[in-house]
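A short write-up of the structure that comes next.
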Amino acid sequence: MSNEDKSSGLNGRLVFAIAAAAVGSGFQHGYNIGVVNAPGKLIQEWINYTDYTRSNYTVVPTEATITWIWSVAVSVYCIGGMIGGSLTGFFAEKFGRRGGLMVNNIFALIGAILEGFSYSAESYEMLIAGRVFIGINCGLNAGLAPMYLSEISPVNLRGAVGTMYQLILTISILISQILGMENIMGTETLWPYLLAFTAVAVLYQVPALMFCPESPKYILITKGREREAERALNWLRGTTKVEEEMEEMRAESAKQKLTTVVSLKEMLTNPCLKSPLIIAVMMQLAQQFSGINAVMFFSTSIFEDSGLNTLTSQYATLGMGVMNVLMTFVSLVLVEKAGRKTLQLVGLAGMFVVVILLTVFLAIKDLAPWIPYISIVLIIAFVVAFATGPGSIPWFLVSELFNQSARPLASSIAVTVNWTANFFVGIGFLPLAQLLGPYVFVIFAAILAFFVWFTWKHVPETKNKTIEEISTMFRRSSDDLGVSEEAGSDDEELIKLFTVLTTSTSETGFHTIDLRQSYTMFKGSGSCRYSMLDGREESLNDQIASSPNGKFSTDDDESSEFEYGSELYDSDHEDVGAFVKGDGIGANSSSQLSSHSKLR
């Protein structure tokens, strides 16, 4: 893309589309994380009373029974998230990114109705079922919304727009904490309405998305409707001058036509797909295994240990929520300047330092009355570090690491892993905390140290790179995770060739390349090589076979230098015709390539 295209900014329509996707989806995710915390004791009392009335007031439920029912009601949200995450790929391909988000609101509406009427129906089973449906909705949102936001954004805004999902998520957690206070909706009679309030996002998102276009990439690359894709891009960019961006999508579309739908087996075995998948999964695990949920869990008891009363402790929790929102906003501003990798490293390293200090001060909290206040500061610092990078970057990074054909499946895997890790942290943390006390955070310190190393060593910087450029980094990696970020250095210029006019058939003794494919060519050191779509990279010792059809073939038993004309690499032309020639067999023949466009 040209510098002009890369500097494309926001316009009113793009902002509207971003808000429709991020606000509607991020609100559901964040609100339903925090909404059950404040009224938790009230809901448990209601469960106790409901169970008691079912026995005709003869059997008093045990505390263990009530705790178990409440634990199920809370944890099934994550189970629903796993289900929704695993459905992301299917929804993204079947209904589209925008269409999938609209259909997904059915789950949210069902969940809100079940939760809202559970009190009057005296059925905690309805509450549990509602949490499952809400979880499915949020699991799908976590995959579909970042995918849609990534695909509608200009390259230079992709990170900032992707961070919007996490920003809305944190704002929604804060809203749920405010509404859940005992002097607002956290009361014995109003908590069902507090849970059902999540339906407000449905009433906003469905009509808002009706005015937004589907992802242009989905329309062109998946559905093959070029004119419709161009109209969608015109709407999103607020201009008809989108030819260069359309050209890039056409090139990607030409490549996708030659590939089948990526299977799970291929995703796990092809190095070009396995490497970014490992990175995407590791970033999701870094988010959940960082200890953020554990710190949030301990925060209430720490605030109480400091001598704060219940209401003041709630305000302290709100203060944490405010800091989470503010730092996520800062991350949104910095992500296109500092880069994804830098913010992720700073956030994880900061969390590592804080969790070590937190372990120390929790262990000695009884030695002095002021120590609990230090712990409060450390908890806020931990949340700030989390919001800097690990809170937002994993959600949209997965959409940046994969091309159109692999993105839905990769998102499904990554989101499912995130929700699964969230579930196991929720289930396993309390027993570990009871066993180890404050030293449970040593486990998180070790995990954070590992993820700091992994991010520094293996995660590429994707700032201001097109999806094709990012894919090239993985194609050219020397090992599964050793990603080179110098794919476009001056001494090795990347040229993308596409729409080859000639065709080819099998020839005895030759490995024939179908010139209708789209290749990435590498110029440097007086030779060329081509990168196959499956990630194999070979020397371009190609020859033009002596044939009236102009076949472009390679002799695997011979090595002959490939000769390229200067016109093909003429930096003054963005899109020119070219001829490629080879010496050896058929040296006097040539195949005409219709055009090429520079990647760098």
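The numbers here are math on the coordinates, done by the rules we state, and not lab data. This structure is a prediction, so every number in the text was calculated from the model and none was measured. Cβ sites come from the backbone with ideal geometry, for glycine too, and all protein chains shown count toward neighbours.
Worth pointing out:
- Scanning residues 5 or more positions from ARG225 or on other chains, those with amide H under 5 Å from its amide H are LEU220, with H placed 1.01 Å from N in the peptide plane.
- Principal axis box of segment 261-479, alpha-carbon based, largest edge first, Å: 59, 36, 28
- Long-range tail of P(r) for segment 11-212 (Cα pairs > 30 Å, %): 25 percent
- Inter-probe distance in nm under a simple model that places probes 7 Å from Cα toward Cβ, at LYS41 and SER71: 2.1 nm
- Vicinal HN-Hα couplings computed from phi for segment 47-62 (Karplus, 6.51 cos²θ - 1.76 cosθ + 1.60; Hz; Gly/Pro x): 4, 4, 5, 4, 5, 5, 5, 5, 8, 6, 6, 10, 10, 8, x, 6
- Converting the Cα gyration tensor eigenvalues of segment 213-258 into ellipsoid dimensions via √(5λ) gives semi-axes, longest first, of 18, 11, 6 Å.
- Full-stretch length increase - LYS241, VAL15 - with 0.36 nm per residue and alpha-carbon distance subtracted: 79.5 nm
- Based on C-alpha pairs under 8 angstrom that are at least 6 apart in sequence, segment 261-479 has a relative contact order of 38 percent.
- A cut-off of 5 Å between modelled amide H atoms, ignoring neighbours fewer than 5 places along the same chain, links THR462 with ARG340, LYS341.
- Computed from label points 7 Å out along Cα-Cβ, the spacing between ARG54 and PHE90 is 3.0 nm.
- Ranked packing of 382-395, 448-461, most packed first, by mean Cβ within 10 Å: 382-395, 448-461
- Rough spin-label spacing in nm, given labels placed 7 Å along Cα→Cβ, for VAL322 and LEU264: 4.7 nm
- Segment 55-145: chymotrypsin sites (Phe, Trp or Tyr not before Pro) in DSSP coil with no more than 10 other Cβ atoms inside 10 Å: TYR57
- The alpha carbons of segment 98-181 occupy a box of 52, 31, 13 Å along the principal axes, longest dimension given first.
- What the phi angles of segment 25-42 give under the Karplus curve with 6.51, -1.76 and 1.60, with θ = phi - 60°, is a coupling list of 8, x, 4, 4, 5, x, 4, 7, 6, x, 5, 8, 5, 4, x, x, 5, 5 Hz, glycine and proline written as x.
- Listed values for segment 407-420 are Karplus-derived 3J(HN,Hα) couplings in whole Hz (6.51 cos²θ - 1.76 cosθ + 1.60, θ = phi - 60°), namely 4, x, 5, 4, 5, 4, 5, 5, 5, 4, 4, 4, 5, 5, and x replaces Gly and Pro.
- Rounded to 0.05, the FRET efficiency of the VAL333 and LEU436 pair, given R0 = 35 Å and the Cβ-Cβ distance, is 0.35.
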